[in-house]
Amino acid sequence: MVRVALQEVISAREHGVQAVPYFAPTDIGTLPLCEQEKELNVKEETDYGNRVRAGIHMTLSAAASALEVAEVLMKNFADLDAKDRKRELIRCSLNARVARDAAAEAAAVLSGQQAPKSDAMVEIRRLKSALFQRFGIGE
């Protein structure tokens, strides 16, 4: 039941997983100091939000994978022969590695060692919007 509930949470949050791109102004060095500071704050807030969103998704995914392994292990394999039990344990081992890798990727994103993945279509839409706002072209 916990795994199913966790999958529902993951599915409900799916649309907000992709990183939001940040497009720095090309003339940031010529902006007044207060404007440069505002831009850096926007960049930091965008990065923070992206890491948190990705971290939530990846840790929930790792938890769901780990719960799936535990769920399989709790089944009674007494009626299976030794060869089939061994196959089930190997399958569980592989799924446990998936959970471990997802948790390791979450740790890398949260620590800043790895950037969250972004959605190319979101980047294209945002770039078009930024071009329109700055130069009146693109939309």
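Laboratory data are not the source of any read-out in this text; all were calculated from the coordinates shown. Only a predicted model underlies this, so the values are computations on that prediction, with no experimental measurement involved. We place every Cβ from the backbone using ideal geometry, glycine too, and count neighbours over all the protein chains shown.
Could the peptides 104-117, 87-100, 59-72, 31-44 be put in order, highest first, of the mean number of other beta-carbon atoms found within 10 Å of their residues?
Values: 104-117: 15.2, 87-100: 13.4, 59-72: 17.6, 31-44: 11.5.
Highest to lowest by the protection proxy: 59-72, 104-117, 87-100, 31-44.
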How far is it, in nm, from the label point at residue 93 to the one at residue 44 when both lie 7 Å from their Cα along the line to the Cβ? 4.7
